[in-house]
Each structure stands twice: as structure tokens, then as C-alpha cells.
1. Quick check: anything in region 426-448 more than 37 Å from the chain's Cα centre (by Cα) and not aromatic (F, W, Y)?
2. Which of (1) surrounded by fewer than 18 Cβ atoms within 10 Å (Cβ to Cβ); (2) outside any helix (DSSP H, G or I); (3) at pLDDT 95 or above does A93 not meet, given it meets every other one?
3. Just for strands (runs of 3 or more DSSP E) wholly inside region 420-483: which have at least 1 residues that are of a type outside the set (S, T, N, Q) and closer than 18 Å to E210 by Cα?
4. List the pairs whose first member sits in region 241-255 and is farther than 14 Å from L306 by Cβ and in contact (Cβ under 8 Å) with a residue 12 or more places away in the chain, whose second member is buried (at least 17 other Cβ atoms within 10 Å of the Cβ) and not hydrophobic (A, V, I, L, M, F, W, C), and whose Cβ atoms are under 8 Å apart, counting only residues at least 6 apart or on separate chains?
5. Quick one: what pairs do we get from region 307-326, first residue in a helix (DSSP H, G or I) and of a type in the set (S, T, Y), second crowded, with 23+ Cβ neighbours inside 10 Å and modelled with pLDDT under 95, C-beta under 7 Å, 6+ apart or different chains?
6. Mind listing whichever residues of region 468-483 are loosely packed, with under 13 Cβ neighbours inside 10 Å and modelled with pLDDT under 90?
7. Has region 390-400 got any residue that is assigned to a helix (DSSP H, G or I) and assigned by TED's automatic domain parsing to the domain that holds K461?
Amino acid sequence: MSGYVPNNRNERKPPSTPPYNGDFNTQPARPLEGTTSAVSTSLVGIRFVWDNGECLDANIPFSLQPAEGNALKGALNAQGCVTQTIPGREYEAQLLADVEVDAHVAAARTELQGVLDEIIAAEQAEAAKLQAIQDERSGAMNALHKGLAFGKGLFMAGVGMVDSAMQFNDLISPHTYLSNALRSAWNADASNGSWMDSFRQNFTAEQHRELVEALGFDPSSITREQLAQAYEIANFIYDDAPSQSMLGRFAVDYAKAQNAEEIAEFSGGAAFEIVLTAVLAVLTGGAFLAAKAATSLRHLKLLQRLGNALTKLGAALRRARIKAGGKARGNGTGAQTVEVRRPDGVDAKPLQTVNEPDAPETTKTKTREEQLKENKKRGEEFAAAKTEEFRTTADSVETEITIKTADGTRTRVDAIGIDKDTQSISIQEYKSSETAPLTKNQEAAFPQIEESGGEIVGKGKGIFTGGTKVPPTTIQIIRPPEE
């Protein structure tokens, strides 16, 4: 052997073990030979949901900041979840961490105020024109218009969606269905889907068709999802005090410009009427207004701008709500669920009408609600009595049947049957007073049905099922005899 000994002077030696301190339980861990100390990590899972159990939308940005190291950035998955491995144990999570939500809300409020001011200015500029329209109306129709209020059709009538309070007779029942279904779905548990899924189940396709037809346009131009979207926007806006105050001032100024006798207290129903009208102008491309002869292009442009402003504000307030409630803290491996509070569902109260001005003096001291109930009861009793009379001259009589004309106009007739003498279709429409006018759709559809007939739509009833062709038929408008 040569006697060579390797030179190991450059080898790093492990540090010497600290001397025993007399306490066995507090001794430092000793690494095993040939190993290194592992870095501690935690597997974190966070699920973000609304307080009704519905998952927050996918792709909302999140920031996950561990106590050690840099923040981890990403987006929620389709289940509203974050799943990440982080160094160490402690962490803080925040949704929309890099989004200036307050600045977005402020900008959206400013834009909305600008549009509202323009609408008021336009109405005030045409005060003389509005007065001329009122002068041309009969005393009965003026009283009906002046009885309108926000949440009860004033804004819809002002922009031309409906023509008078009288037309709301056709809206009361379907609007009640809509209000009940929206509020019920909004407040229901949505752990297994979304609140809009619940709304579709509660508000049937038939109820949707009735509502849209009562407004006077094609049901295919407005979906249930669009109605629900308008309601959600109204909820977020009405829950925001500055926005509610802004719309409240607008309601007062608009009512004054319309020369309305009563300015109702601003309510959730009023907020929903404004948002529904304006948002539908955007979502439907103004199709429902374009068919209204009483609505000018100026109204349409302003309504679409108002709808865009309300949509932006609703989205900004929604993001602000998500950022305020979308935060969490944790320690170590584990999963947690974070609930974000939603605004309460506004009460979109049913639209109402007022009593006719030529009613007996004894009824004029009654409240509007009492008058509404009396008018409705009187109309139902009159229609029921006349329907029974109709059955004596016609077979297979059915009530409340919807007919579509060649140009797509839909209208509902009170009674239809087969005349016993001629064996041809006979149609009757009942009006419980001499002053009760035809609705906008009736004015458009009745002459067409008399000239070229139409087609029954929907499920229909009895022998008058959906798809049944109606030949040219004169519609008998039955009114009570003059006193």
C-alpha cells in the first residue's frame, strides 16, 4: 500500500448537537442521517356561496395570501371553489382583491344620475305637449291616468309601454303571479342550482305568456330569464341607500312632469317598475317599444341608456357585495364555506287601477283598494252573467281564450262558442261600463279577426284547443244598458 489518506478537509460536517438541557420533552428534533428537513405545507379548500346556498359565479378572481411567501392568484371554479396548496399554515383569502369596486359603484351612480336628469329635462320640455294630450282625453281617461303612481304603472304609461290605467286590468293577475314567483324563488334555498332555476319552476310558461301578452307584445321577445335578471338588478339597487334615494327623487320629479295627482312613497315595487321597463328596453333591443305608436324614438334612446346605466350599477353593486363578503382566514389543512349575504328581495306589488270617475258619489269616498275590489267584483259578476246568457244561444262555450292574428297580435277574448242556429263560431267581449275602452291589443286585433280570422294559441280549452283556426268573425262587445 502507498499509505495514501484521502483529504476530506472540504467536507461539510453537521452542526454539533446542543448539549442536553435537562428537559427531555423540549429537546430539538434531530434529523436522520442522509435527510433534510421538509418544508411544511397545507391544503386549503374554500367554497364561496350566496346566503341561499347558490354558488358564486365561476371565474371570479381570488387572492390567497399565506403567512409565508407570495400571494397565490387565480379564479373560482364552476362550483365557486378555491383549492390550493400553500406553504405554512396560516392564510387569508379575498375575492376581487385587485378590483376597485367602490370607484366602479361611484362611476355607475354618476352615469345613472346623468340619464335620470336627461329624462326629467325631456319631460319638462314637453310639458305643453303633455298638457295638450290631457286636454284631448275624456274626463274619464284623465282620471285614470292621474290615478297612476310609481309601482302602479306611472312609468310604464309615461314611456308608452301601456296606454292607461285601464289596461292594467289585464295586468293585475299576471303581475301578481310574477311578483310572488320572483320573491319566492329569490328567498328559496338554491343549494342544488340557482334562484333562476327555482323561478322558472314557480313561474310557468303559461303565466309568463299571460304577463307578456297583457303588456301587449310577443311573448317570444321576452324570456323568463330576462324578467329574473331585471328583478335581481332591482334588488341590488334598492338595497343601496344612495341609489334608492336617487331613484326616489326621480320618481317625484317624473310624477310632477306627468302632472300626476298623487306621488306615492317610493317602494320596492316602484324600483322594480323602473328597472323592469328600462332593462327590458335593452335586453329586447327596444322591440316591445318600437311597436307602440305613442312612444317616440327619444323615449327609446333614453330608456336604453337608462337600462344600460341601471345594469352597470346593478353589476357594480353586486361586485361590491361579493368583495365585502368574499373573504376568509384559516390555519392549516382543511375546508370551509363562506356565505355572502344577498340583498332582500323587493316586494314588486301588483299593479292597480283606480275607480272610474263617473261612479256614483257614494263610492268616491272609498279608498283606492276598496274601489279596485269593487270594480273587479262588478266586472267579474257582469262577465259571469253574460257568459251564462251566451250559453243559451251557443254550445261548447269557453272563457278567456287567446287568439293570434295574421300580424302576430295576440288578444284574449272573454267568451267563445258555437252558435246554435248557424253552427259557426261566435265571440263575445264584456265591458262592465260604457266608458271602459278596449285594450291596445284588442283595438289592433279585433278588426283583423273580423276581416281575416286568427288562430287560437296556448293550450286552449274544450274544443277550442291551441292551433284551432278561427274564421273571420264579428266580435260582439257587450256593455250594460245605459241608465
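The values are calculated or read from the model by the stated rules, or taken from the named source; none is laboratory data. All of these numbers come straight from a predicted model, not from anything done at the bench. A quick note on method: Cβ atoms are made from the backbone with ideal geometry, for glycine too, and the neighbour counts reach across all protein chains shown.
1. Step one: list which residues in region 426-448 are more than 37 Å from the chain's Cα centre (by Cα), which gives 426.
Applying the additional criterion that residues be not aromatic (F, W, Y) yields 426.
Yes, region 426-448 contains at least one residue that is more than 37 Å from the chain's Cα centre (by Cα) and not aromatic (F, W, Y).
2. (1)
3. Working: elements: 425-430, 454-456, 475-478.
Strands (runs of 3 or more DSSP E) meeting the threshold: 425-430, 454-456.
4. So the pair list comes out as P242/R109; Q244/Y238.
5. Pairs that qualify, where the first residue is in a helix (DSSP H, G or I) and of a type in the set (S, T, Y) and the partner is crowded, with 23+ Cβ neighbours inside 10 Å and modelled with pLDDT under 95, are T311/I233; T311/V279.
6. Matches in region 468-483: P481, E482, E483.
7. yes
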